[in-house]
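Take a look at the structure below.
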Amino acid sequence: MIKGVIFDLDGVVVDTAKYHFLAWKRLAEEFNYEFTEKNNELLKGVSRVRSLEIILELAGINLTENEKSELAEKKNNWYVEYILKMDESEILPGVVDFINLCKGENMKVALGSASKNAELILKNLKLLLCFDVIVDGNKISAAKPDPEVFLKAASELNLKPENCVVFEDAEAGVEAARRGKFHVIGIGSPEILKAADYVIPGFKGRGIELFSEM
Ligand code: B16
Ligand code: MG
């Protein structure tokens, strides 16, 4: 029986991937690497440091840990400039109605995101109070596909993984949910999110019938 619902942030509640892309592209230009939207797909759900390492690998560049942290900070400063301009109009269609339907059925609601900027984003979207529990990149030490973020969210909700559904748009996030023994519904493409129980394109028009076979 489903008693709790855990939402990833980027790609599930809001599309911040486009801002990550702009900031990483700007950074890559500094070392003359052309970062494409296809490359950006590799970074979805992946931590900031790992994202930088993937770009450096693609560009064939080796840097020290200090140099990497400077670049990650520079990218984050640009990214924060974009997200500070976000507002409620950028919330993905149907997700708030869906959260309210879950709450109406006495389910608990958590956020489980790799982002260290999650609270700032939720504040700008006026969604901070929507979640019973928020677990983000500041509260975990192992990035997805490690299940830590979702296990911590379930534990803060006082629920077992088998009584929770995770909503995820990234392959690494679906794998994290699977490893943690959660039910998982993918948001996006069934070809990419093969390991999910089901995949839906988005929340518009969806209700808790999604959980009927769980
Ligand atoms: P930050 P999610 C993830 O968010 C993004 O999908 C990923 O592209 C990003 O690198 C990661 O957060 C870290 O974000 O730089 O803000 O700490 O999908 O787990 O909500
Ligand atoms: Mg995501």
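What the table below lists for this structure:
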{"item": "Along principal axes, Cα extents of segment 27-67, largest first, whole Å", "result": "25, 21, 14"}
{"item": "The chain: radius of gyration over Cα atoms, expressed as a fraction of 2.2 N^0.38 Å", "result": "1.01"}
{"item": "Viscosity 0.890 mPa s, 25 °C: Kirkwood-radius Stokes-Einstein D of segment 94-214 over Cα pairs, µm²/s", "result": "169"}
{"item": "Size of segment 3-78 as Cα extents on the principal axes (Å, biggest first)", "result": "47, 24, 21"}
{"item": "Centroid-to-centroid separation of segment 52-75 and segment 100-142 [C-alpha atoms, Å]", "result": "29"}
{"item": "Within the accessible area of the chain (1.4 Å probe), percent carbon and sulfur", "result": "49"}
{"item": "³J(HN,Hα) computed for each position of segment 135-142 - Karplus, 6.51 cos²θ - 1.76 cosθ + 1.60, integer Hz, glycine/proline x", "result": "10, 10, x, 7, 9, 10, 10, 10"}
{"item": "Per-residue ³J(HN,Hα) for segment 67-75, Karplus 6.51 cos²θ - 1.76 cosθ + 1.60, θ = phi - 60°, Hz, x for Gly and Pro", "result": "4, 5, 5, 4, 5, 4, 5, 4, 4"}
{"item": "Heavy-atom accessible area per residue - the chain, 1.4 Å, Å²", "result": "49"}
{"item": "Using θ = phi - 60° and Karplus 6.51 cos²θ - 1.76 cosθ + 1.60, couplings along segment 113-129 (whole Hz; Gly, Pro as x)", "result": "10, 6, 6, 7, 9, 4, 5, 4, 5, 4, 5, 5, 8, 6, 10, 4, 7"}
{"item": "Under 5 Å, built H, 5+ apart or other chain: amide partners of Ile6", "result": "Ala110, Val165, Val166, Phe167"}
{"item": "Residue-span extension gain [Asp132 to Glu88] - 0.36 nm each, minus C-alpha spacing", "result": "13.9 nm"}
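The values are calculated or read from the model by the stated rules, or taken from the named source; none is laboratory data. Owing to the predicted nature of the structure, the values given are computational and were not obtained by experimental measurement. Note: areas computed on protein heavy atoms with side chains; ligands, DNA, RNA excluded. Shrake-Rupley method; radii C 1.70, N 1.55, O 1.52, S 1.80 Å.
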